[in-house]
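Notes follow the structure.
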Protein chains: 4
Amino acid sequence: MMDPQKLLQELLKISDDDKDITPKQAKIIQAAIEIFAEKGYASASTSEIAKRAGVAEGTIFRHYKTKKELLLSIVSPMIIKFAAPFFAETFIRQVFKDHEDKGFEELLRKLIQNRYEFVKNNVPLLKIVLQEMAFHPEIQQAYKQVFTEKVLPKFKKMVEYYQDKGELRNDFSVDTTIRLVINTAVGFMVTRFIVMPDYPWDDEKELENTIQYIKDGIFS
Amino acid sequence: MMDPQKLLQELLKISDDDKDITPKQAKIIQAAIEIFAEKGYASASTSEIAKRAGVAEGTIFRHYKTKKELLLSIVSPMIIKFAAPFFAETFIRQVFKDHEDKGFEELLRKLIQNRYEFVKNNVPLLKIVLQEMAFHPEIQQAYKQVFTEKVLPKFKKMVEYYQDKGELRNDFSVDTTIRLVINTAVGFMVTRFIVMPDYPWDDEKELENTIQYIKDGIFS
Amino acid sequence: MMDPQKLLQELLKISDDDKDITPKQAKIIQAAIEIFAEKGYASASTSEIAKRAGVAEGTIFRHYKTKKELLLSIVSPMIIKFAAPFFAETFIRQVFKDHEDKGFEELLRKLIQNRYEFVKNNVPLLKIVLQEMAFHPEIQQAYKQVFTEKVLPKFKKMVEYYQDKGELRNDFSVDTTIRLVINTAVGFMVTRFIVMPDYPWDDEKELENTIQYIKDGIFS
Amino acid sequence: MMDPQKLLQELLKISDDDKDITPKQAKIIQAAIEIFAEKGYASASTSEIAKRAGVAEGTIFRHYKTKKELLLSIVSPMIIKFAAPFFAETFIRQVFKDHEDKGFEELLRKLIQNRYEFVKNNVPLLKIVLQEMAFHPEIQQAYKQVFTEKVLPKFKKMVEYYQDKGELRNDFSVDTTIRLVINTAVGFMVTRFIVMPDYPWDDEKELENTIQYIKDGIFS
DNA sequence: CATGAATGAGGATTCATTCAT
DNA sequence: TATGAATGAATCCTCATTCAT
């Protein structure tokens, strides 16, 4: 038995894909993340990446056959990591068995808090994913697959479960409910970290308000 | 006196920036919109735009000094148009005087429906704005200015007004309330037209659900 | 009616493919021929070609999408031109009707002399063809097609005709005869212009000897 | 005293340059021969050679200082081996003393048959020599030296001898005679193994025809 | 106004070669 | 001896922009 705090923390470290990486390679990835995030994949030049990584341009291509492969090597693991909480086999069982009493609200709170921390620690990477998804079918594909195979099914079960319990309104379809929740959560993070990162956010309060909003809307 | 239906319709046609445009220029803009939306500004080549427009490469540069000027000539008016409803002097007065009885919900409904139609008719253009805003400070600036000077003040007044009336919960700050509403509305449209345009949407219902969600959240 | 001298001269100028060519383009082709011949296609750099042509490197790619296209635009017409004498409809008829009295020897003499002049005037180009054929299937294909469809059939008719007349030995198959003749003629030219261009050749005598050799071998 | 059969067989194994070669080195040479023959020296990359040889890139440069040295280490021995029959001191003496009765024809036959076997067993290597000679002065030099110092003198003596005997026509200069013979023989092999290796050759007959052609020409 | 040839800087990528392990 | 990561010059090619017609 594990308390949910720990559970979700666990789920983050899904893959250690940073193994077998030379120091130069690590510097390349770091530089690439920065520059891709700053100017976008298409406008980033491998020569600039090499310069910032303190590496010869050729070194990039020794490790990544193409510039695109470099992008994907950065972006692919992100998708999985972002959906990580939904990967754990135990996740949904935990929810139902040990913590059902706490209800959907508590589950939501944990989830959003956890993903909030994740996003906070991976802003440039997520910027890249958001930007480049639009133009790279491979990324869309990967995202779609993870979402429809891993995230959606579990999310659906959750929503159905709490709808049956009468905790969630059931005049919204499951899909609609999920869409609204995800929109609100993701929207918060995008606004918080990407659109207006410089606004003087009171994160704790804003997080709580967001959860309340999802719960009750804005009407009194 | 004007009924709100007409009011909002009016607000759409703010600027006729399609004046004094040669047919070739129009074809260039059309082609540019398509290609910028398809592959992004950085990956779009002026030669491809010229080809699709059925124009010589030089012709583009006769009308737009640089490729970036072409982008801005496309993007700039969009920002104003998207915020159009908030531009009309009469807008807020209308709200307060003639139609206060209908309440925030009705106002919201009109606004969202109207912007929904607008987005529906300008998907590629909005794709471009969303994508390129990240990398072009000029666009961010323009957006920020319009938002803080035009949209935000009026939105604030509205929210304050309805909070005072007790129609909106006031444990949320005005800013937070606005953020949540805009997030939900924009999130819907982005999901609807950009992320999942091929999903079999029941637009009317989804629109209504979104409004209800803003109002009441998802809890029963 | 045309005397065979003129006939063969005519056949040389098959296509004027140098039309619609800008002066820069002409200089590019000239430079490319020189450099391809000097160092081979693979070792020739487009930047060097541009330099020698007095043109920006980009200009090359405005006219030829790829370096290979530049090569083919040079090589392709050569193949046809080299086989030119066999293209004329009237060629073989001329041989049979008006000049049969002169026999195979005279025909051979005219042919070899004519091709000798052609080769003499196109040494670098032929060097390129010989070298690059080995590595470019497109060139092999083109050569094969021209040879099997145009050259071989007419050559066969000629040899058969003179074998029937008893002028040529018929213990050699037609194919073998053709191979031996072409080998000897081509071999002469390759030796003369490519292998040992600096040897003090007495061209007229050597040409005549080659013809005699084909006729009588080297035994007394 | 040695019968000529054996003599010529002997001449083949002139140098055992395969000594002191590590297994890796042998694999490198084998891979290099294949790849040089397939795509030409300039288009062959050391990394591809290393890969096909199952060796690290660095290993190639441990044995051969440069890519070119690798080429020369492959090509140089070929030149000597191809001219091998003319190297043996005893060769010409054999011809004159023991076997003069058999005449030039028999000598030619032996020579051509022997070289035919050699070429047959070394097609890729000869392809490389033919291709690269054009661009590498070192190879030309080596070839020229071997040819003028070893092959030509002996060949000249032979031809002079048989001209004096009245067996060969003497209205052809010695040089011309040699050129014609070599052209015909080499031309056959190039056609046989390089230009048209897939043609259904009747080697024995074609070889014999070639010899007859050299002897008697093609006229009846 | 419109054209399209020309430009040259810059892009991604390749490759022979070096060197620390 | 063998490795393979690292190099950086060189390669082919693209592209925004200019300008003479």
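What follows draws every value from the coordinates through simple rules; no lab data is involved. Worth saying up front: this structure is predicted, and the values here are computed from it rather than measured. Cβ placement follows ideal geometry from the backbone for every residue including glycine, while neighbour counts extend to all protein chains displayed.
With 32 Å as the limit, write out which pairs from C:K65/D:K27; B:K39/B:K65; C:K110/D:K39; A:K65/A:K127 have Cα-Cα distances beyond it, or answer none. Flagged as over cut-off: C:K65/D:K27; C:K110/D:K39.
Taking the Cβ of A:F172 as the center, what net charge do the other residues with Cβ under 11 Å away carry, scoring Lys and Arg +1 and Asp and Glu -1? If you can, show how the numbers build up before the last one.
Numbers: positive: A:R169, A:R179, B:K205; negative: A:D171, A:D175, B:E206, B:E208, B:D216.
Residues close to A:F172 contribute a combined charge of -2.
Between identical copies, the spacing of D:K39 label points, each set 7 Å from Cα toward the C-beta atom, reads 1.9, 2.7, 3.2 nm from nearest to farthest. Residue and distance for the chain D Cβ closest to the axis that moves D onto A, in whole Å, come to D:G58, 3. If you take all other residues with their beta carbon under 12 Å from the beta carbon of A:A50, and give Lys and Arg +1 and Asp and Glu -1, the sum is +4. For segment B:71-218, relative contact order (Cα pairs under 8 Å, six or more residues apart, normalised by length) works out to 31 percent. For B:K102, the distances from its label point to the matching points in the remaining copies are 4.4, 10.1, 11.4 nm, ordered from shortest, with each point set 7 Å beyond Cα toward Cβ. With a sphere of radius 14 Å drawn around the Cβ of A:V123, what net charge do the other residues whose Cβ falls strictly inside it have (Lys, Arg +1; Asp, Glu -1)? That works out to 0.
Could you tell me which trypsin sites (Lys or Arg not before Pro) in segment C:134-220 are loop residues by DSSP with no more than 12 other beta carbons within 10 angstrom of their beta carbon?
Values: sites: C:K144, C:K150, C:K154, C:K156, C:K157, C:K165, C:R169, C:R179, C:R192, C:K205, C:K215; in loops: C:K165, C:R169.
Hits after loop and neighbour filter: C:K165.
To the nearest Å, what is the center-to-center distance of segment C:182-211 and segment C:119-137, using C-alpha atoms only? Distance between centres, Cα-based: 17 Å. Each copy carries a label point for B:P200 at 7 Å from Cα along the beta-carbon vector; from one copy to the others these points are 5.2, 6.3, 9.4 nm apart, nearest first.
The D:D202 and C:E69 beta-carbon pair, evaluated with R₀ = 45 Å, returns a calculated FRET efficiency of approximately 0.65.
Taken over segment B:71-218, the convex hull of the Cα atoms encloses 121 Å³ per residue.
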